[in-house]
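Below: one structure, written as C-alpha coordinates.
The values are calculated or read from the model by the stated rules, or taken from the named source; none is laboratory data. Note that the structure is a prediction, hence the values are computed from the model and not measured. For neighbour counting, all protein chains shown are included, and Cβ atoms are generated from backbone atoms with ideal geometry for every residue, glycine included. The protein model used for the area step is the full one, side chains on, heavy atoms only, and it has no ligands, DNA or RNA in it. Shrake-Rupley method; radii C 1.70, N 1.55, O 1.52, S 1.80 Å.
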Amino acid sequence: MKLELGKINIKSVRLGNKTEVKEGILTINEDCIKNLVLEDERIKSVKVEIATPGDKTRITPVKDVIEPRVKVSGAGGMFPGVRTKIDLVGSGRTNVLSGVAVVTCGKIVGFQEGIIDMSGPGADFTPFSQTCNVCLVIEPFDGLTPYDYEEAARNAGLRIAEYIGDTGKDIEPDILEVYETKPLLEAIAEYPDLPKVGYVYMLQTQGLLHDTYVYGVDAKKMVPTILYPTEVMDGAIISGNCVSACDKNTTYHHQNNPIIHDLYERHGKDLNFLGVIITNETVYLADKERSSMWTAKLCKYLGLDAAIISQEGFGNPDTDLIMNCKKIEALGIKTVIVTDEYAGRDGKSQSLADADKAADAVVTGGNANEVILLPPMDKIIGILKYTDKIAGGFDGSLRPDGSIEAEIQVITGSTNELGFNKMTAVGM
Amino acid sequence: MKIVVTNNPLVSLKISDTEIDFRNTDLLGVLKCVRDRIHLGHKLLTHPLAGSIKPWETPYRTVLLTAEKSGLDEDSLSVIEYCIEMCNKTIVSKAFYYKRDEKNLSDFQLIDFDLIFGRFS
(Lines give C-alpha, C1' and ligand atoms only; values in the text may rest on other atoms or scores of the structure.)
Protein backbone atom coordinates (compact mmCIF):
# COMPACT_ATOMS: atom_id res chain seq x y z
CA MET A 1 0.00 0.00 0.00
CA LYS A 2 1.47 3.31 -1.13
CA LEU A 3 0.41 6.75 0.06
CA GLU A 4 1.55 10.09 -1.24
CA LEU A 5 1.20 12.93 1.25
CA GLY A 6 1.14 16.28 -0.54
CA LYS A 7 1.96 18.96 1.98
CA ILE A 8 0.71 22.46 1.25
CA ASN A 9 2.53 24.93 3.48
CA ILE A 10 0.08 27.38 5.02
CA LYS A 11 1.70 30.57 6.31
CA SER A 12 -1.37 32.19 7.83
CA VAL A 13 -5.11 31.88 8.32
CA ARG A 14 -7.68 34.68 8.18
CA LEU A 15 -11.40 35.18 8.05
CA GLY A 16 -12.93 36.24 4.72
CA ASN A 17 -15.80 35.85 2.30
CA LYS A 18 -14.66 32.63 0.69
CA THR A 19 -12.99 29.52 2.08
CA GLU A 20 -9.91 29.00 -0.07
CA VAL A 21 -6.13 28.66 -0.17
CA LYS A 22 -4.16 31.20 -2.18
CA GLU A 23 -0.39 31.63 -2.12
CA GLY A 24 -0.04 29.86 1.18
CA ILE A 25 -2.80 31.81 2.90
CA LEU A 26 -5.92 30.02 4.09
CA THR A 27 -9.04 32.16 4.15
CA ILE A 28 -12.12 30.79 5.86
CA ASN A 29 -15.72 31.90 5.75
CA GLU A 30 -16.92 32.07 9.33
CA ASP A 31 -20.63 31.82 8.45
CA CYS A 32 -20.11 28.67 6.38
CA ILE A 33 -18.30 27.03 9.28
CA LYS A 34 -20.98 28.04 11.76
CA ASN A 35 -23.73 26.75 9.50
CA LEU A 36 -22.00 23.40 9.07
CA VAL A 37 -21.49 22.99 12.82
CA LEU A 38 -25.06 24.03 13.61
CA GLU A 39 -26.43 21.37 11.25
CA ASP A 40 -26.10 19.21 14.35
CA GLU A 41 -29.25 20.06 16.23
CA ARG A 42 -27.59 19.26 19.55
CA ILE A 43 -25.32 22.30 19.29
CA LYS A 44 -26.73 25.65 20.43
CA SER A 45 -23.90 27.90 19.32
CA VAL A 46 -20.36 27.90 18.02
CA LYS A 47 -17.73 30.62 18.06
CA VAL A 48 -15.02 30.54 15.40
CA GLU A 49 -11.72 32.11 16.40
CA ILE A 50 -8.24 32.05 14.95
CA ALA A 51 -5.06 31.68 17.01
CA THR A 52 -1.69 32.25 15.37
CA PRO A 53 1.79 31.35 16.68
CA GLY A 54 3.14 34.18 18.81
CA ASP A 55 -0.31 35.54 19.74
CA LYS A 56 -0.85 36.32 23.42
CA THR A 57 -3.68 33.85 23.38
CA ARG A 58 -4.70 30.93 25.57
CA ILE A 59 -7.05 28.21 24.24
CA THR A 60 -8.90 26.10 26.85
CA PRO A 61 -10.48 23.62 27.52
CA VAL A 62 -9.19 21.84 24.41
CA LYS A 63 -11.03 18.71 23.36
CA ASP A 64 -9.47 17.59 20.08
CA VAL A 65 -7.02 18.86 17.47
CA ILE A 66 -7.37 17.79 13.84
CA GLU A 67 -5.26 18.44 10.74
CA PRO A 68 -7.28 19.39 7.63
CA ARG A 69 -6.65 16.94 4.80
CA VAL A 70 -8.34 15.81 1.59
CA LYS A 71 -8.23 12.68 -0.53
CA VAL A 72 -7.09 13.62 -4.01
CA SER A 73 -6.93 10.09 -5.41
CA GLY A 74 -7.21 6.53 -4.18
CA ALA A 75 -9.95 4.76 -2.29
CA GLY A 76 -11.90 6.20 0.61
CA GLY A 77 -12.39 9.65 2.03
CA MET A 78 -11.31 11.50 5.15
CA PHE A 79 -12.19 9.75 8.42
CA PRO A 80 -13.73 6.60 6.93
CA GLY A 81 -16.63 5.11 8.85
CA VAL A 82 -17.25 8.46 10.52
CA ARG A 83 -17.34 11.27 7.97
CA THR A 84 -17.20 9.17 4.81
CA LYS A 85 -18.38 5.70 3.89
CA ILE A 86 -16.24 2.76 4.94
CA ASP A 87 -13.50 2.14 2.44
CA LEU A 88 -9.87 1.19 2.85
CA VAL A 89 -7.73 4.33 3.16
CA GLY A 90 -3.94 4.59 3.02
CA SER A 91 -3.30 4.55 -0.71
CA GLY A 92 -3.30 7.14 -3.50
CA ARG A 93 -2.74 10.83 -2.80
CA THR A 94 -3.83 12.85 0.21
CA ASN A 95 -3.21 16.58 0.41
CA VAL A 96 -2.49 18.17 3.76
CA LEU A 97 -2.89 21.79 4.84
CA SER A 98 0.38 21.77 6.72
CA GLY A 99 0.62 24.27 9.57
CA VAL A 100 -3.14 24.42 10.19
CA ALA A 101 -5.15 22.72 12.91
CA VAL A 102 -8.80 22.66 13.84
CA VAL A 103 -9.12 22.87 17.63
CA THR A 104 -12.39 22.01 19.37
CA CYS A 105 -13.17 23.46 22.79
CA GLY A 106 -16.06 22.68 25.07
CA LYS A 107 -16.86 21.98 28.69
CA ILE A 108 -18.09 18.43 28.32
CA VAL A 109 -17.57 17.70 32.00
CA GLY A 110 -16.43 20.09 34.70
CA PHE A 111 -12.85 18.86 34.88
CA GLN A 112 -9.99 17.60 32.71
CA GLU A 113 -9.16 18.88 29.22
CA GLY A 114 -6.21 21.01 28.26
CA ILE A 115 -4.54 24.32 27.56
CA ILE A 116 -2.75 25.59 24.46
CA ASP A 117 -0.76 28.81 24.93
CA MET A 118 0.25 30.43 21.63
CA SER A 119 3.21 32.25 23.25
CA GLY A 120 5.14 32.38 26.53
CA PRO A 121 6.68 29.50 28.47
CA GLY A 122 3.65 27.21 27.99
CA ALA A 123 3.99 27.41 24.21
CA ASP A 124 7.23 25.43 24.37
CA PHE A 125 5.35 22.45 25.79
CA THR A 126 2.73 22.01 23.07
CA PRO A 127 3.20 21.48 19.33
CA PHE A 128 -0.08 23.29 18.72
CA SER A 129 1.47 26.65 19.61
CA GLN A 130 3.24 26.31 16.25
CA THR A 131 0.14 25.76 14.12
CA CYS A 132 -2.40 28.32 12.91
CA ASN A 133 -5.45 27.16 14.82
CA VAL A 134 -9.05 27.43 13.70
CA CYS A 135 -10.78 27.14 17.07
CA LEU A 136 -14.39 26.05 17.49
CA VAL A 137 -15.88 26.89 20.87
CA ILE A 138 -18.92 24.66 20.97
CA GLU A 139 -21.84 25.17 23.32
CA PRO A 140 -24.63 22.59 23.55
CA PHE A 141 -28.29 23.06 24.32
CA ASP A 142 -29.14 22.79 28.02
CA GLY A 143 -29.74 19.28 29.20
CA LEU A 144 -27.64 17.56 26.52
CA THR A 145 -25.93 14.53 28.02
CA PRO A 146 -22.11 14.44 28.12
CA TYR A 147 -22.29 11.44 25.73
CA ASP A 148 -24.15 13.46 23.11
CA TYR A 149 -22.10 16.59 23.70
CA GLU A 150 -18.83 14.68 23.26
CA GLU A 151 -20.07 13.06 20.07
CA ALA A 152 -21.42 16.33 18.68
CA ALA A 153 -18.17 18.17 19.42
CA ARG A 154 -16.09 15.31 17.98
CA ASN A 155 -18.12 15.26 14.77
CA ALA A 156 -18.06 19.06 14.47
CA GLY A 157 -14.26 19.09 14.57
CA LEU A 158 -13.98 16.36 11.95
CA ARG A 159 -16.62 18.02 9.76
CA ILE A 160 -14.79 21.35 9.77
CA ALA A 161 -11.38 19.71 9.22
CA GLU A 162 -12.90 18.00 6.19
CA TYR A 163 -14.46 21.27 4.95
CA ILE A 164 -11.19 23.19 5.31
CA GLY A 165 -9.17 20.28 3.94
CA ASP A 166 -11.25 20.30 0.76
CA THR A 167 -9.66 23.64 -0.19
CA GLY A 168 -6.40 21.79 -0.81
CA LYS A 169 -7.79 19.33 -3.32
CA ASP A 170 -6.61 21.11 -6.50
CA ILE A 171 -3.52 22.79 -5.09
CA GLU A 172 -0.05 21.66 -6.11
CA PRO A 173 1.69 20.69 -2.85
CA ASP A 174 4.99 22.24 -1.76
CA ILE A 175 6.35 18.89 -0.56
CA LEU A 176 5.48 15.40 -1.70
CA GLU A 177 6.25 12.55 0.71
CA VAL A 178 5.81 8.93 -0.34
CA TYR A 179 5.27 6.08 2.12
CA GLU A 180 4.89 2.45 1.12
CA THR A 181 4.42 -0.84 2.90
CA LYS A 182 4.38 -3.95 0.77
CA PRO A 183 2.48 -7.18 1.44
CA LEU A 184 4.21 -9.10 4.23
CA LEU A 185 6.08 -11.78 2.29
CA GLU A 186 7.35 -9.23 -0.24
CA ALA A 187 8.37 -6.87 2.57
CA ILE A 188 10.34 -9.58 4.36
CA ALA A 189 12.02 -10.73 1.13
CA GLU A 190 13.02 -7.19 0.19
CA TYR A 191 15.39 -6.68 3.13
CA PRO A 192 16.24 -10.18 4.38
CA ASP A 193 19.27 -9.02 6.35
CA LEU A 194 17.61 -6.22 8.29
CA PRO A 195 15.85 -6.72 11.64
CA LYS A 196 12.08 -6.96 11.22
CA VAL A 197 10.41 -4.27 13.33
CA GLY A 198 6.75 -3.70 14.10
CA TYR A 199 4.87 -1.02 15.95
CA VAL A 200 2.36 -1.87 18.71
CA TYR A 201 0.01 1.11 18.88
CA MET A 202 -2.00 1.13 22.11
CA LEU A 203 -5.25 3.09 21.91
CA GLN A 204 -7.08 4.58 24.89
CA THR A 205 -10.43 2.80 25.09
CA GLN A 206 -11.87 2.80 28.58
CA GLY A 207 -15.22 4.57 28.32
CA LEU A 208 -16.83 7.98 28.06
CA LEU A 209 -14.17 10.63 27.32
CA HIS A 210 -11.57 7.84 27.16
CA ASP A 211 -12.32 6.41 23.69
CA THR A 212 -10.71 6.01 20.29
CA TYR A 213 -12.34 4.98 17.02
CA VAL A 214 -10.90 2.89 14.18
CA TYR A 215 -12.81 3.14 10.90
CA GLY A 216 -15.71 4.32 13.10
CA VAL A 217 -15.55 1.33 15.46
CA ASP A 218 -15.21 2.00 19.18
CA ALA A 219 -11.82 0.37 19.74
CA LYS A 220 -12.75 -1.12 23.11
CA LYS A 221 -15.09 -3.40 21.19
CA MET A 222 -12.40 -4.81 18.93
CA VAL A 223 -9.52 -7.25 19.34
CA PRO A 224 -5.96 -6.40 18.28
CA THR A 225 -5.46 -6.28 14.54
CA ILE A 226 -2.94 -5.28 11.90
CA LEU A 227 -3.04 -2.05 9.89
CA TYR A 228 -0.87 -0.75 7.12
CA PRO A 229 0.95 2.27 8.60
CA THR A 230 -0.46 4.44 5.82
CA GLU A 231 -4.01 3.71 6.96
CA VAL A 232 -3.18 5.45 10.25
CA MET A 233 -1.68 8.40 8.36
CA ASP A 234 -4.82 8.62 6.25
CA GLY A 235 -7.42 9.15 8.97
CA ALA A 236 -8.36 5.58 9.96
CA ILE A 237 -7.97 6.41 13.68
CA ILE A 238 -9.68 9.33 15.38
CA SER A 239 -9.71 10.50 18.97
CA GLY A 240 -12.68 10.62 21.31
CA ASN A 241 -10.32 10.96 24.24
CA CYS A 242 -10.78 14.14 26.24
CA VAL A 243 -8.93 13.30 29.44
CA SER A 244 -5.33 13.56 30.53
CA ALA A 245 -4.48 16.45 28.20
CA CYS A 246 -0.72 15.96 28.39
CA ASP A 247 -0.61 12.39 27.17
CA LYS A 248 -3.77 11.85 25.16
CA ASN A 249 -3.38 11.35 21.44
CA THR A 250 -5.47 13.88 19.56
CA THR A 251 -6.63 13.07 16.05
CA TYR A 252 -3.72 15.26 14.84
CA HIS A 253 -1.28 12.98 16.67
CA HIS A 254 -2.82 9.92 15.02
CA GLN A 255 -2.57 11.56 11.60
CA ASN A 256 1.06 12.51 12.21
CA ASN A 257 2.31 9.66 14.42
CA PRO A 258 6.07 10.32 14.72
CA ILE A 259 6.90 6.69 15.52
CA ILE A 260 5.40 5.60 12.20
CA HIS A 261 7.14 8.49 10.45
CA ASP A 262 10.55 7.66 11.93
CA LEU A 263 10.21 3.92 11.32
CA TYR A 264 9.57 4.74 7.66
CA GLU A 265 12.64 7.01 7.68
CA ARG A 266 14.81 4.08 8.73
CA HIS A 267 12.98 1.45 6.67
CA GLY A 268 15.39 -0.27 4.29
CA LYS A 269 18.39 1.40 5.96
CA ASP A 270 18.89 -0.27 9.33
CA LEU A 271 15.50 -1.94 9.87
CA ASN A 272 12.60 -3.47 8.01
CA PHE A 273 9.35 -1.82 9.15
CA LEU A 274 6.63 -4.41 8.63
CA GLY A 275 3.48 -2.81 10.00
CA VAL A 276 1.30 -1.60 12.83
CA ILE A 277 -0.56 -3.73 15.38
CA ILE A 278 -3.32 -1.72 17.04
CA THR A 279 -4.56 -2.79 20.43
CA ASN A 280 -6.73 -1.33 23.18
CA GLU A 281 -6.46 -0.32 26.83
CA THR A 282 -9.39 -1.79 28.69
CA VAL A 283 -10.93 -1.82 32.14
CA TYR A 284 -11.69 -5.54 32.42
CA LEU A 285 -8.76 -7.69 33.45
CA ALA A 286 -9.84 -10.52 31.13
CA ASP A 287 -9.88 -8.07 28.21
CA LYS A 288 -6.37 -6.92 29.14
CA GLU A 289 -5.15 -10.53 29.17
CA ARG A 290 -6.86 -11.27 25.84
CA SER A 291 -5.63 -8.14 24.07
CA SER A 292 -2.03 -8.49 25.27
CA MET A 293 -2.02 -12.20 24.41
CA TRP A 294 -3.27 -11.50 20.88
CA THR A 295 -0.87 -8.59 20.44
CA ALA A 296 2.08 -10.80 21.35
CA LYS A 297 0.73 -13.54 19.07
CA LEU A 298 0.49 -11.13 16.14
CA CYS A 299 4.09 -9.96 16.74
CA LYS A 300 5.26 -13.55 16.58
CA TYR A 301 3.07 -14.35 13.58
CA LEU A 302 4.59 -11.43 11.67
CA GLY A 303 8.04 -12.82 12.48
CA LEU A 304 9.17 -9.64 14.23
CA ASP A 305 12.61 -9.34 15.76
CA ALA A 306 11.64 -6.20 17.65
CA ALA A 307 8.62 -4.07 18.50
CA ILE A 308 8.11 -0.50 19.63
CA ILE A 309 5.13 -0.17 21.99
CA SER A 310 3.51 3.19 22.66
CA GLN A 311 1.02 3.87 25.42
CA GLU A 312 -1.78 6.41 25.73
CA GLY A 313 -2.72 7.80 29.13
CA PHE A 314 -1.44 6.89 32.54
CA GLY A 315 -2.25 4.59 35.47
CA ASN A 316 -4.45 1.69 34.45
CA PRO A 317 -2.96 1.66 30.89
CA ASP A 318 0.46 1.07 32.48
CA THR A 319 -0.85 -2.42 33.24
CA ASP A 320 -1.64 -3.00 29.55
CA LEU A 321 1.74 -1.58 28.57
CA ILE A 322 3.66 -3.90 30.86
CA MET A 323 1.50 -6.91 29.91
CA ASN A 324 2.23 -6.24 26.23
CA CYS A 325 5.93 -5.80 26.93
CA LYS A 326 6.25 -8.96 29.06
CA LYS A 327 4.31 -11.21 26.69
CA ILE A 328 6.10 -9.97 23.57
CA GLU A 329 9.52 -10.28 25.21
CA ALA A 330 8.62 -13.78 26.42
CA LEU A 331 8.31 -14.79 22.77
CA GLY A 332 11.92 -13.70 22.13
CA ILE A 333 11.03 -10.35 20.55
CA LYS A 334 12.89 -7.27 21.80
CA THR A 335 10.75 -4.32 22.85
CA VAL A 336 11.12 -0.61 23.48
CA ILE A 337 8.26 1.04 25.35
CA VAL A 338 7.29 4.69 24.95
CA THR A 339 5.50 6.27 27.90
CA ASP A 340 5.52 9.32 30.15
CA GLU A 341 5.95 9.76 33.89
CA TYR A 342 4.04 10.91 36.94
CA ALA A 343 7.07 11.02 39.15
CA GLY A 344 5.98 13.75 41.58
CA ARG A 345 6.94 17.40 41.51
CA ASP A 346 10.49 16.61 42.51
CA GLY A 347 10.69 13.72 40.02
CA LYS A 348 11.69 11.28 42.76
CA SER A 349 8.58 9.06 42.94
CA GLN A 350 8.02 5.86 41.00
CA SER A 351 7.28 6.93 37.43
CA LEU A 352 4.90 4.22 36.26
CA ALA A 353 2.01 2.47 37.99
CA ASP A 354 3.36 -0.89 36.85
CA ALA A 355 6.81 -2.23 36.04
CA ASP A 356 8.68 -5.38 35.06
CA LYS A 357 12.27 -6.32 34.41
CA ALA A 358 11.34 -7.13 30.79
CA ALA A 359 10.75 -3.39 30.31
CA ASP A 360 14.45 -2.60 30.13
CA ALA A 361 14.29 -0.17 27.20
CA VAL A 362 12.08 2.82 27.92
CA VAL A 363 11.59 6.17 26.21
CA THR A 364 9.83 8.85 28.27
CA GLY A 365 7.91 11.87 27.08
CA GLY A 366 8.58 13.73 30.34
CA ASN A 367 7.30 14.14 33.89
CA ALA A 368 3.67 15.33 33.88
CA ASN A 369 3.96 16.54 37.51
CA GLU A 370 6.53 19.21 36.67
CA VAL A 371 5.14 22.61 37.74
CA ILE A 372 4.93 25.58 35.40
CA LEU A 373 3.78 29.17 35.78
CA LEU A 374 1.77 30.32 32.79
CA PRO A 375 1.57 34.12 32.60
CA PRO A 376 -1.69 35.92 31.86
CA MET A 377 -2.67 36.26 28.20
CA ASP A 378 -4.40 39.09 26.37
CA LYS A 379 -7.04 36.84 24.86
CA ILE A 380 -8.80 33.69 26.02
CA ILE A 381 -10.43 31.38 23.48
CA GLY A 382 -12.88 29.15 25.31
CA ILE A 383 -13.46 29.28 29.05
CA LEU A 384 -10.79 29.92 31.66
CA LYS A 385 -12.78 29.37 34.84
CA TYR A 386 -12.34 25.57 34.72
CA THR A 387 -8.59 25.81 35.13
CA ASP A 388 -8.80 25.02 38.83
CA LYS A 389 -10.66 21.85 37.98
CA ILE A 390 -8.68 20.32 35.14
CA ALA A 391 -6.12 17.60 35.66
CA GLY A 392 -2.92 19.14 36.93
CA GLY A 393 -4.70 22.25 38.09
CA PHE A 394 -5.37 22.71 41.78
CA ASP A 395 -7.11 25.04 44.18
CA GLY A 396 -5.71 28.46 43.46
CA SER A 397 -4.19 27.47 40.12
CA LEU A 398 -5.97 30.34 38.45
CA ARG A 399 -4.73 33.57 39.95
CA PRO A 400 -6.65 36.87 39.94
CA ASP A 401 -4.37 38.32 37.24
CA GLY A 402 -5.16 35.38 34.91
CA SER A 403 -1.85 33.60 35.38
CA ILE A 404 -1.92 29.88 36.13
CA GLU A 405 0.38 27.80 38.29
CA ALA A 406 -0.15 24.15 37.48
CA GLU A 407 1.51 20.90 36.55
CA ILE A 408 2.40 20.55 32.88
CA GLN A 409 -0.26 17.88 32.57
CA VAL A 410 -2.71 20.75 31.96
CA ILE A 411 -1.02 21.43 28.61
CA THR A 412 -2.30 19.60 25.54
CA GLY A 413 0.34 17.20 24.26
CA SER A 414 3.08 18.21 26.73
CA THR A 415 4.21 14.65 27.59
CA ASN A 416 2.78 12.91 24.54
CA GLU A 417 3.64 9.22 24.48
CA LEU A 418 4.22 9.07 20.74
CA GLY A 419 7.16 11.43 21.19
CA PHE A 420 5.33 14.32 19.53
CA ASN A 421 7.07 16.76 21.84
CA LYS A 422 10.51 17.96 22.74
CA MET A 423 10.96 16.57 26.22
CA THR A 424 12.82 13.43 27.10
CA ALA A 425 15.26 12.10 29.67
CA VAL A 426 18.74 10.72 29.30
CA GLY A 427 20.48 8.10 31.42
CA MET A 428 23.04 9.36 33.91
CA MET B 1 -22.05 -13.94 38.30
CA LYS B 2 -20.63 -10.65 39.52
CA ILE B 3 -20.63 -8.41 42.56
CA VAL B 4 -20.26 -4.64 42.25
CA VAL B 5 -18.43 -2.86 45.06
CA THR B 6 -19.05 0.86 44.77
CA ASN B 7 -19.54 4.18 46.53
CA ASN B 8 -21.12 5.68 43.41
CA PRO B 9 -24.85 6.35 43.91
CA LEU B 10 -25.40 6.38 40.12
CA VAL B 11 -24.43 2.71 39.98
CA SER B 12 -27.05 1.84 42.61
CA LEU B 13 -29.59 3.87 40.69
CA LYS B 14 -28.94 2.36 37.26
CA ILE B 15 -27.88 -1.23 37.87
CA SER B 16 -30.57 -3.63 38.94
CA ASP B 17 -29.49 -7.01 37.58
CA THR B 18 -26.26 -7.39 39.57
CA GLU B 19 -25.58 -7.69 43.30
CA ILE B 20 -24.35 -4.35 44.60
CA ASP B 21 -22.28 -3.82 47.73
CA PHE B 22 -22.78 -0.08 48.19
CA ARG B 23 -20.41 1.52 50.68
CA ASN B 24 -20.85 5.00 52.04
CA THR B 25 -17.13 5.63 52.07
CA ASP B 26 -14.34 7.31 50.13
CA LEU B 27 -12.36 5.89 47.21
CA LEU B 28 -9.77 4.29 49.44
CA GLY B 29 -12.55 2.73 51.53
CA VAL B 30 -13.93 1.03 48.42
CA LEU B 31 -10.52 -0.39 47.58
CA LYS B 32 -10.10 -1.75 51.12
CA CYS B 33 -13.53 -3.38 50.91
CA VAL B 34 -12.44 -4.98 47.63
CA ARG B 35 -9.27 -6.23 49.32
CA ASP B 36 -11.32 -7.80 52.11
CA ARG B 37 -13.47 -9.60 49.56
CA ILE B 38 -10.38 -10.88 47.72
CA HIS B 39 -9.20 -12.38 51.01
CA LEU B 40 -12.58 -14.08 51.24
CA GLY B 41 -11.96 -15.73 47.86
CA HIS B 42 -13.52 -13.34 45.29
CA LYS B 43 -11.49 -12.47 42.19
CA LEU B 44 -11.05 -9.08 40.54
CA LEU B 45 -12.83 -8.65 37.21
CA THR B 46 -12.01 -4.99 36.58
CA HIS B 47 -8.90 -2.94 37.26
CA PRO B 48 -9.42 -1.03 40.52
CA LEU B 49 -7.88 2.16 39.13
CA ALA B 50 -9.49 2.34 35.69
CA GLY B 51 -9.67 5.61 33.82
CA SER B 52 -7.40 8.61 33.53
CA ILE B 53 -9.09 10.60 36.27
CA LYS B 54 -6.71 10.54 39.17
CA PRO B 55 -7.68 9.07 42.55
CA TRP B 56 -7.18 12.41 44.28
CA GLU B 57 -9.59 14.05 41.83
CA THR B 58 -12.58 11.71 41.77
CA PRO B 59 -14.21 10.52 45.02
CA TYR B 60 -15.92 7.59 43.28
CA ARG B 61 -14.78 4.09 42.53
CA THR B 62 -16.59 1.04 41.23
CA VAL B 63 -14.97 -2.39 41.04
CA LEU B 64 -16.40 -5.69 39.75
CA LEU B 65 -15.55 -9.00 41.45
CA THR B 66 -16.64 -12.56 40.90
CA ALA B 67 -19.66 -13.50 43.00
CA GLU B 68 -18.24 -16.99 43.43
CA LYS B 69 -15.60 -17.59 46.06
CA SER B 70 -12.65 -19.90 45.56
CA GLY B 71 -9.15 -19.92 47.03
CA LEU B 72 -7.21 -16.68 47.49
CA ASP B 73 -6.32 -15.30 44.05
CA GLU B 74 -2.75 -14.04 44.34
CA ASP B 75 -2.96 -11.94 41.17
CA SER B 76 -6.05 -10.09 42.41
CA LEU B 77 -4.42 -9.55 45.78
CA SER B 78 -1.24 -8.18 44.30
CA VAL B 79 -3.18 -5.75 42.05
CA ILE B 80 -5.40 -4.42 44.86
CA GLU B 81 -2.51 -4.10 47.30
CA TYR B 82 -0.57 -2.12 44.74
CA CYS B 83 -3.57 0.15 44.07
CA ILE B 84 -4.12 0.81 47.78
CA GLU B 85 -0.45 1.61 48.28
CA MET B 86 -0.49 3.96 45.29
CA CYS B 87 -3.64 5.73 46.51
CA ASN B 88 -2.33 6.00 50.03
CA LYS B 89 0.77 7.76 48.73
CA THR B 90 -0.82 10.01 46.14
CA ILE B 91 -4.11 10.96 47.77
CA VAL B 92 -2.33 12.19 50.87
CA SER B 93 0.28 14.17 48.96
CA LYS B 94 -2.11 15.59 46.36
CA ALA B 95 -4.98 16.47 48.67
CA PHE B 96 -2.91 19.39 49.85
CA TYR B 97 -2.90 20.86 46.37
CA TYR B 98 -6.20 19.72 44.96
CA LYS B 99 -9.57 20.95 46.07
CA ARG B 100 -12.52 19.09 44.62
CA ASP B 101 -15.39 21.09 43.22
CA GLU B 102 -18.64 19.70 44.59
CA LYS B 103 -20.41 20.90 41.44
CA ASN B 104 -18.59 18.22 39.45
CA LEU B 105 -19.76 15.27 41.52
CA SER B 106 -22.39 14.18 39.00
CA ASP B 107 -19.79 14.26 36.22
CA PHE B 108 -17.42 12.11 38.29
CA GLN B 109 -20.27 9.67 38.96
CA LEU B 110 -21.07 9.43 35.26
CA ILE B 111 -17.46 8.77 34.21
CA ASP B 112 -16.98 6.14 36.94
CA PHE B 113 -20.22 4.45 35.89
CA ASP B 114 -19.31 4.48 32.20
CA LEU B 115 -15.82 3.06 32.76
CA ILE B 116 -17.33 -0.10 34.21
CA PHE B 117 -20.66 -0.41 32.43
CA GLY B 118 -20.07 1.52 29.17
CA ARG B 119 -18.78 -1.61 27.46
CA PHE B 120 -22.28 -3.03 27.57
CA SER B 121 -24.05 0.06 26.21
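Beta bridges per DSSP, both residues in the protein assembly as shown: antiparallel share near 50 percent.
Just checking the listed ones, A:Leu304, A:Leu184, A:Leu209: in the Gaussian network model of chain A with Cα springs under 10 Å, the one fluctuating most is A:Leu184.
Rounded to the nearest 20, the size of the Cβ-charge dipole of segment A:1-130 about its Cα centre is 200 debye, with Lys and Arg at +1 and Asp and Glu at -1.
How large is the helix-only mean residue ellipticity at 222 nm for chain A, computed as the sum of -39500 (n - 2.57) over DSSP H runs with n ≥ 4, divided by its residue count, in deg cm²/dmol to the nearest 500?
Value at 222 nm, helices only, nearest 500: -6000 deg cm²/dmol.
Heavy-atom accessible surface of A:Met293, to the nearest 10 Å², is about 100 Å², with a 1.4 Å probe and all protein chains retained. Whole-Hz Karplus values for segment A:268-283 come out as x, 9, 10, 8, 10, 7, 9, x, 10, 9, 9, 9, 10, 10, 10, 9 Hz, taken residue by residue from phi with 6.51 cos²θ - 1.76 cosθ + 1.60 and θ = phi - 60°; glycine and proline positions read x. The trypsin sites (Lys or Arg not before Pro) found in segment A:185-291 that occupy coil by DSSP, while having at most 11 further C-beta atoms within 10 Å, are A:Lys269.
Using a 10 Å Cβ count of at most 13 others and DSSP loop calls, identify the longest part of chain A lacking such GluC sites (Glu not before Pro).
A:42-428
Pairs of Cα atoms nearer than 8 Å and 6+ residues apart set the relative contact order; for segment A:1-130 it is 29 percent.
Exceeding 24 Å between C-alpha atoms, which entries from my cross-link table qualify? They are A:Lys326/B:Lys43; A:Lys297/B:Lys54; A:Lys326/B:Lys69. Numbers along the way, then the final one.
Working: A:Lys326/B:Lys43 22 Å; A:Lys297/B:Lys54 32 Å; A:Lys326/B:Lys69 29 Å.
Violating the 24 Å Cα-Cα cut-off are A:Lys297/B:Lys54; A:Lys326/B:Lys69.
Between A and B, roughly 3100 Å² of accessible area is buried in total, ligands, DNA and RNA not counted and the probe set to 1.4 Å. Cross-link pairs exceeding 24 Å between alpha carbons, from the set A:Lys63/B:Lys89; A:Lys18/A:Lys71; A:Lys220/B:Lys89; B:Lys14/B:Lys89; A:Lys18/A:Lys169: A:Lys63/B:Lys89; A:Lys220/B:Lys89; B:Lys14/B:Lys89. The charge dipole of segment A:300-363, taken about its Cα centre with unit charges on the Cβ of Lys, Arg, Asp and Glu (plus for the first two, minus for the last two), comes to roughly 180 debye. Over chain A, what is the relative contact order in whole percent, taking alpha-carbon pairs under 8 Å and six or more residues apart? Here the relative contact order equals 19 percent. Modelled label positions at A:Glu151 and A:Glu289, each set 7 Å beyond Cα in the direction of Cβ, lie 3.3 nm from each other. Neighbouring Cβ atoms from other chains, within 10 Å of the Cβ of residues in A:207-213, number 6 on average. Shielding value for B:50-61 is 6, the average number of Cβ atoms from other chains within 10 Å of each residue's Cβ.
Taking each residue of A:314-321 in turn, how many C-beta atoms of other protein chains fall within 10 Å of its C-beta, and what is the average?
4
A 1.4 Å probe, protein heavy atoms only, puts the accessible area of B:Phe117 near 30 Å².
Taking amide H as placed 1.01 Å from N in the peptide plane, A:Gln311 has its amide H under 5 Å from the amide H of A:Val338, each at least 5 places away in sequence or on another chain.
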